[in-house]
Amino acid sequence: MSSELLVIGGGLAGCEAALAAARSGVAVRLVDMKPEQFSPAHHSPHLGELVCSNSLRSDVLTSAVGLLKAEMSLLDSAVMRAARATAVGAGKALAVDREAFAGHLEGQIAAQPLISRETALVDTLPDEVAVLATGPLTAGALADQLAKLTGSNHLHFYDAIAPIVSLESVDMDHAYWGDRYGEPGQGDYLNCPLSREEWAEFYAALTTAEQVPLKDFESPQFFEGCLPIEVMAARGEKTLLFGPMKPVGLEDPATGKRPHAVVQLRKENAAGSVLNLVGFQTKLTYPAQDAVFRKIPALAGAEFVRWGSIHRNTFLDAPRVLDPHQRLIAAPHLFVAGQLSGVEGYVESAAMGILCGINAANLLHDRPLLSPPPTCALGGLVRHLRDTTSKSFQPSNVNFGLLPPLEGKVFKRQRGAAQARRALTDFLAWMAEAGLEPAGPLPEVPEEARA
Ligand SMILES: Cc1cc2nc3c(=O)[nH]c(=O)nc-3n(C[C@H](O)[C@H](O)[C@H](O)COP(=O)(O)OP(=O)(O)OC[C@H]3O[C@@H](n4cnc5c(N)ncnc54)[C@H](O)[C@@H]3O)c2cc1C
């Protein structure tokens with residue numbers, strides 16, 4: 001076995017993977033097609049490009065993404081190092097000067113003598129140990145090869161995501177459990193009814209809400225079976241009432257009556273702590289979703305852990321094609337990191353890059369591969385990639401719903417702190433057991449805080 005690691009893709013995940021492996025003493029060949037060729041969303045010649053927003057989201061330790069940042073820093077994350085060095089004021093979020101950020105990250109790569117860089121478009125799956133980190137816009141033939149290896153139904157090119165809410169935030173005075181034509185009050189679906197008046201208000205808001213303009217590389221053709229909710233609504237009021245908001249067979253057990261319309265929520269994870277709005281994939285802007293979906297009475301005060309979206313995104317059906325260490329089951333010498341593996345977001349992609357870099361180095365050194373504890377944010381992401389609950393796997397941002405529930409009763413406003421405390425304790429214990437030295441001091445978790 002060659003002792004060199006090939007990393008394909010020098011985005012956030014690829015840079016992290018290369019640097020993590022190099023820190024473990026492995027020589028790395030990092031290959032990216034830039035600046036010779038660019039994906040439709042990449043424009044900078046630098047590695048580690050932030051393709052859209054310059055924000056890495058919340059920097060509050062009691063939020064899931066803030067916790068993930070803390071865990072990454074303990075693992076000596078290059079992305080976190082670059083972000084801290086190039087941060088711009090953004091309140092409780094961590095936002096960066098994108099040019100300086102990419103420059104810093106590239107500087108870390110250049111300063112690492114074990115990493116050599118190459119510019120090339122890779123169009124075949126390698127035979128050697130490699131990390132595939134080619135991202136949501138993986139170029140050409142490499143994506144085709146992945147589809148061939150995994151089966152074309154296991155590589156997706158579009159994300160059609162319905163919004164996701166946390167169960168605990170749904171107003172149960174306006175919601176009830178029940179499957180269509182099932183036993184009232186029992187079942188897998190949480191139903192959110194609307195009266196005729198509530199429906200009229202919701203429908204008016206939905207059909208006039210602002211939509212995200214399609215990028216020039218995004219096809220305006222949607223699959224008929226996966227139409228955005230606003231496109232269905234534009235076809236006429238009846239389309240939704242006979243479609244995803246059909247009330248038939250969903251009588252309210254409190255009144256025995258059939259509501260005018262019903263939004264059904266379905267479990268998004270095995271624990272059932274987060275639920276998606278069935279059939280609500282959408283291209284509405286986030287503020288428009290915030291305004292429109294809160295007109296559903298049960299969701300007026302809900303915590304939306306993820307908004308809906310439809311965009312170009314190449315990702316694997318992780319639970320069915322990756323092993324517990326993010327290697328392709330059909331080619332276990334190939335690790336998959338970043339957005340391609342089925343996580344969503346800059347921070348999440350980078351985090352999975354670190355883990356794959358460490359494990360690829362371990363594989364080359366004949367050492368055991370590592371799995372972070374499920375109670376930490378990084379472990380929560382791994383858990384998501386292993387979750388076979390849903391037949392149609394969707395990428396996810398990190399959120400506390402991916403972690404096992406806390407034990408005992410914890411007041412809502414103390415849950416973030418309790419999650420962070422449990423996560424960091426377990427994370428440090430895991431690092432110690434794995435022989436990984438924390439790269440910095442343990443951050444202090446505030447006693448009581450809200451994300
Ligand atoms: C249009 C768009 C906007 C997004 N906006 C945000 C946002 O605002 N916030 C957020 O958190 N997340 C956003 N994301 C999601 C995602 O988190 C980012 O795309 C993130 O950059 C993914 O990191 P990555 O390392 O997996 O891939 P990337 O950062 O995309 O890196 C992949 C690298 O691989 C290279 N590459 C691709 N194919 C090949 C090949 N065959 N051979 C050689 N090199 C190749 C590319 O040049 C690129 O440098 C967005 C995604 C898209 C598509």
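The values are calculated or read from the model by the stated rules, or taken from the named source; none is laboratory data. Keep in mind that what you see is a predicted model, and the values were worked out from it rather than measured. Cβ: placed from backbone, ideal geometry, glycine included. Neighbour counts: every protein chain shown. For the accessible areas, the whole protein counts, side chains as well, though only heavy atoms, and no ligand, DNA or RNA atoms are used. Shrake-Rupley method; radii C 1.70, N 1.55, O 1.52, S 1.80 Å.
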Fraction of antiparallel bridges per DSSP, the chain only, in percent to nearest 5: 65
Tell me whether segment 293-451 comes out rounded, prolate or oblate; compute the Cα gyration tensor, take square roots of the eigenvalues as a ≥ b ≥ c, and use a/c under 1.5 as the rounded threshold. oblate
Only sites in a loop by DSSP and with at most 16 other Cβ atoms within 10 Å count here; which trypsin sites (Lys or Arg not before Pro) in segment 1-94 make the cut? Lys92
Once both label points are put 7 Å beyond Cα along the C-beta direction, the Glu201-Ala120 separation in nm becomes 6.2
Between Arg413 and Ser53, what is the label-to-label distance in nm when each label sits 7 Å out along the Cα-to-Cβ direction? 2.6
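Starting from the alpha-carbon convex hull of segment 264-347, give the projected area averaged over all orientations, in nm².
Result: a mean projected hull area of 7.0 nm².
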Averaging the inverse of every distinct alpha carbon separation and then flipping it gives the Kirkwood radius. What is it for the chain, in angstrom units? 22.8
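Ignoring ligands, DNA and RNA, what accessible area per residue does the chain give at 1.4 Å, in Å²?
42
Kindly identify segment 1-59 as rounded, prolate or oblate by the Cα gyration tensor criterion: order the square roots of the eigenvalues as a ≥ b ≥ c, call it rounded if a/c is under 1.5, otherwise compare a/b with b/c, prolate if a/b is larger, else oblate.
Details: a/c = 3.64, a/b = 1.47, b/c = 2.47.
Since a/c reaches 1.5 but b/c is at least a/b, the shape of segment 1-59 is classed as oblate.
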In whole percent, what relative contact order does segment 235-315 give with Cα contacts below 8 Å and a gap of six or more residues? 19
Can you figure out the FRET efficiency of Gln211 with Asp97, using R₀ = 45 Å and their beta-carbon distance, to the nearest 0.05? 0.90
First measure r as the distance between the Cβ atoms of Asp188 and Glu168, then evaluate 1/(1 + (r/R0)^6) with R0 = 25 Å and state the FRET efficiency to the nearest 0.05. 0.90
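Length gain on complete extension for the stretch His43 to Lys148, per 0.36 nm per residue less the alpha carbon to alpha carbon distance?
Working: separation 105, 0.36 × 105 = 37.80 nm, distance 2.90 nm.
The His43-Lys148 span can extend by a further 34.9 nm.
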Cut-off under 5 Å, modelled amide H: who pairs with Asp76 long-range: Ala439
Leaving out ligands, DNA and RNA, and with a 1.4 Å probe, what % of the accessible surface on segment 164-306 is carbon or sulfur? 53
With a point put 7 Å past each Cα toward its Cβ, work out how far Ala254 is from Arg294 in nm, to one decimal. 2.1
Taking θ = phi - 60°, what integer Hz values does the Karplus form 6.51 cos²θ - 1.76 cosθ + 1.60 yield along segment 106-117, in sequence order, with x for Gly and Pro? 5, x, 5, 5, 5, 7, 9, x, 7, 9, 10, 10
Hey, with R₀ at 25 Å, roughly what FRET efficiency would Arg320 and Asp179 work out to, going by the Cβ-Cβ distance, to 0.05? 0.50
What share of all Cα pairs of segment 99-212, in percent, falls into each consecutive 5 Å distance bin? 2, 7, 9, 11, 10, 9, 10, 10, 9, 9, 7, 5, 1, 0
Convex hull projection area averaged over all views, segment 164-306, Cα basis, nm²: 8.7
